[in-house]
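A quick write-up on the structure given underneath.
The values are calculated or read from the model by the stated rules, or taken from the named source; none is laboratory data. All figures in this text were calculated on a predicted structure; none of them were measured in a lab. Please note: Cβ atoms are built from the backbone with ideal geometry, for glycine as well, and neighbour counts cover all protein chains shown.
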Amino acid sequence: MDNSLQSLNQVKADLLDMAIRFGPKLIVAIAILIAGYMVGRWAGRLLERLLVRLNLESPVISLLVRIARVLILGLFTIMALQNLGIELLPLIAGLGVAGAGIAFAMQGIIGNLVSGLTIIFTRPFHVGDYISISNEEGEVLDISLFSTILGHTDRSKV
């Protein structure tokens, strides 16, 4: 009984020691993440206003704003992890290897994504245009990252 009481006191002392040692770092890391989220939102709104003035289409604007927000939040996440004392070099190397494997596995999806980006950035046609591609023709109803929707005269969509 006395032995289990000593081990319980030892666990309690260890938890208190860890809370004192890592508690402030954890609070600062959470504050860094909150600041990153707020800076990302602010930068996203600022970038959106700038891109609207440049008369870019809405899919391009939303894509660039999302990319900016994710990059800023990623930067702040790295800062928070470094504040906690986590070694980032092995983590980044592992993510690079995993990213290469995922890219090979998702070749078709990535090809469609690049095709969507090409359509969005080169603007060969706009929403409302009537186009004919291969065996399909119709009015362009929507252009997004993964698909372009054509409307036929019989109200069907492709």
If you go through GLY96, GLY116, GLY151, GLY111, the only one that is in contact with an Asp or Glu (Cβ under 7 Å, 6 or more places away or on another chain) and not aliphatic (A, V, I, L, M) is GLY151
Is it fair to say ASN3 is within 25 Å of ILE143 (Cα to Cα) and either of a type in the set (Asp, Glu) or out of contact with any Gly (no Cβ under 6 Å at 6 or more places or on another chain) (or both)? no
Could you run through the range 113-132 and say how many residues are at pLDDT below 80 and more than 19 Å from SER58 (Cα to Cα)? 0
